[in-house]
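Below you'll find the structure, written out as structure tokens, and then a few comments.
The values are calculated or read from the model by the stated rules, or taken from the named source; none is laboratory data. All figures in this text were calculated on a predicted structure; none of them were measured in a lab. Cβ placement follows ideal geometry from the backbone for every residue including glycine, while neighbour counts extend to all protein chains displayed.
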Amino acid sequence: MSKKRRGKQDQSPPERSRDSAGLSAQQRHQIVQAQVSASFSGPLPHPDILAQYNHAVPNGAERIIVMAEKQSEHRMALETQALTADIWRSYAGVGAGLLVAVLFLVASYDLIHDGHEWAGATVGGIDIASLVGVFVFGTISRRRERENRARWLAGDSRDD
């Protein structure tokens, strides 16, 4: 038997310029566009964007950088003020606690000296127990705070 070749039926349709993966130039262009992305984070725009500000506004990039520097200085000054106030508040709290503790110890001494041994011992004992409790609680609280901060910095967001 002889097979007849039919010219038009055996030939595949003409392909537009396709690469080895079978993609047309337009498909390759779309894939590249979908895969190319860029991100930039920080207090200032990306340097390319800053350069475009110079074209839009005279000295635009310099003005933006100066604005960011001023904002940074302002934020640092506020943080310094807040830390200084916290330190003074801490000292005031320790001073007030010391004053109350000394007053209770003086009252305890006066009660014992005046013959009220049980009352004086009770007031003195409560005073000492309260001081120990405050220091123990403060130590535990500071340790938990440090542990939570360390977890937060490591990227773990759970709280105890």
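Residues in region 48-63 that are without any contact (Cβ under 8 Å) to a residue 12 or more places away in the chain and either surrounded by 10 or more Cβ atoms within 10 Å (Cβ to Cβ) or aromatic (F, W, Y) (or both): I49, A51, Q52, Y53, N54, V57, N59, G60, A61, E62, R63. Is it true that V66 is within 30 Å of N54 (Cβ to Cβ) and without any contact (Cβ under 8 Å) to a residue 24 or more places away in the chain? Considered against the rule, which asks whether it is within 30 Å of N54 (Cβ to Cβ) and without any contact (Cβ under 8 Å) to a residue 24 or more places away in the chain, V66 comes out as yes. Among the residues of region 40-64, the ones that are among the aromatic types (F, W, Y) and either outside any helix (DSSP H, G or I) or on the phi > 0 side of the Ramachandran plot (or both) come to 1 in all. Only one entry in D10, D19 is modelled with pLDDT under 85, among the acidic types (D, E) and surrounded by 10 or more Cβ atoms within 10 Å (Cβ to Cβ), namely D19.
Here D86, D110 are screened, and the one residue that is out of contact with any Asp or Glu (no Cβ under 6 Å at 6 or more places or on another chain), surrounded by 11 or more Cβ atoms within 10 Å (Cβ to Cβ) and not basic (K, R) is D110. Entry remark, region 121-160: residues being of a type in the set (G, A, S), within 28 Å of D110 (Cβ to Cβ) and loosely packed, with under 13 Cβ neighbours inside 10 Å number 3 in total.
Each row is one residue, and each column tells you yes or no for (1) farther than 30 Å from A129 by Cβ; (2) at pLDDT below 90; (3) part of a helix (DSSP H, G or I).
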| residue | (1), (2), (3) |
| --- | --- |
| Q33 | yes, yes, yes |
| A38 | yes, yes, no |
| A68 | yes, no, yes |
| H74 | yes, no, yes |
| L83 | yes, no, yes |
| I87 | no, no, yes |
